[in-house]
Every structure is written in structure tokens, then in C-alpha cells.
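Below: one structure, written as C-alpha cells.
A short reminder: the numbers here are calculations on the coordinates, not readings from a lab. Given the structure is predicted, the values throughout are model-derived calculations rather than measurements. Note that we place each Cβ from the backbone using ideal geometry, even for glycine, and neighbour counts take in every protein chain shown.
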Amino acid sequence: MTTVLDDINDAVKDYPTNYLTIEIIDVNWPGVAINDGEEVEFRFQVTNRGPLTMTDLSFKVEGRNGTEIKVSGAAAQWEDWHETRPGWFPDLNAHAGTTPVTWTGDPFLFRATNAFTTPRELVRVSVAGWQTTWDHMLTNHTEADPDLRGSYSSAVAVQ
């Protein structure tokens, strides 16, 4: 038997898939084509079209098809994937479908360790974790309801 709590749980669990868009942007490298072993800089941005404000977001930045990832900086090490810490990405306001939020930290770097003659997925960014409250839903979605009303009716006698 499915209950409303099961439905809410599923809706929250599936929220990123249903309401977020993640885009890799500002991809920069020194040449005309990306060469194997070459460092490529990038950032990512996220758009929230849904009714929940998302906080304490963390993301998994993953190298694909032999690509390695690191956060730019002298001490960073190349790895297969990197998970950002909760809270390092700005909050995503509800209903902000036309206002993407960009990663504000140091850019990420990737380097492909293999050469390919056809395009291959090199980097993937996904949601690793997030928090929310019902504040927006319970404050901003409380609306007037002109169809629900109370009234009083009575006959009125002539004096």
C-alpha cells in the first residue's frame, strides 16, 4: 500500500532529476582540439526549475572514459572523481529556471588519458547530496482561494 509519505519521499528523492539542469561551461584549452594529456579548464552551472530551495549542495565531478579530474591549484592531485563539500556551492532558489547558478570556486581541470577519433563523454557532474526545507512551499504557495467561502443566508421581513 502506497501512502502520501511514500509519494513525498519519492518526489524528494527524484527532485534533482526532475527539476535541475547541470551544464558544463567555460571549457578552455590552449589549442584548436583537445589533445590527450592536455589540461582543460571548466566550470559548471546548475538551474533549479522546481518548487524547493536547495541548500548544502554537493556534486560529484567525474572523469569518464579514462579522463582524470582535479580542482585547479598547486596541491590538487589528479583523480578519477572529486566530490565537492556541502555548502561550497551557492543555494539554489526555487523557481529559478531562468537564472543558473555557477560554481564559484576555483575552476576544475580535466585531462583525457586516451585519444578518440569520435566524441566521447569526458566529464560528468551529478548531484551528490543536498538539503531543503518546506519553507518556500508552505510560505510562498499559500494563495487566496475565492472558491472556498462562508456565507450567511436568511429571509428578510418587511417592518
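In square nanometres, what is one fourth of the surface area of the convex hull spanned by the alpha carbons of segment 91-159? If you can, show how the numbers build up before the last one.
Details: hull surface 45.8 nm².
The orientation-averaged projected area of the Cα hull of segment 91-159 comes to 11.4 nm².
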If packing is taken as the mean number of other Cβ atoms within 10 Å per residue, what is the order of 145-157, 121-133, highest first?
121-133, 145-157
Just to confirm my numbers, what's the Cα centroid distance between segment 49-86 and segment 93-159 in Å?
21
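I need the trypsin sites (Lys or Arg not before Pro) found in segment 1-68, filtered to DSSP loop residues with at most 15 other beta carbons within 10 Å of theirs.
Values: sites: 13, 43, 49, 60, 64; in loops: 49, 64.
Those satisfying the criteria are 49, 64.
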Taking only Cα atoms and a 10 Å spring cutoff, compute GNM fluctuations for the chain and point out the largest among 117, 104, 55.
117
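For segment 45-149, with only Lys/Arg (+1) and Asp/Glu (-1) charged at the beta-carbon, what is the dipole magnitude about the Cα centre, in debye rounded to 20?
Working: 9 positive and 13 negative charges, 85 e Å.
The dipole magnitude comes to about 400 debye.
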Option label - mean projected area of the Cα convex hull in nm² computed here, alternatives (i) 8.8; (ii) 17.1; (iii) 12.4:
(ii)
Mind checking segment 68-116 for chymotrypsin sites (Phe, Trp or Tyr not before Pro) that DSSP puts in a loop (not H, G, I, E or B) and that have at most 16 other Cβ atoms within 10 Å?
78, 88, 116
For a label point 7 Å from the Cα of residue 135 along Cα→C-beta, name the residues of segment 33-68 whose backbone N is under 18 Å from it.
48, 50-58
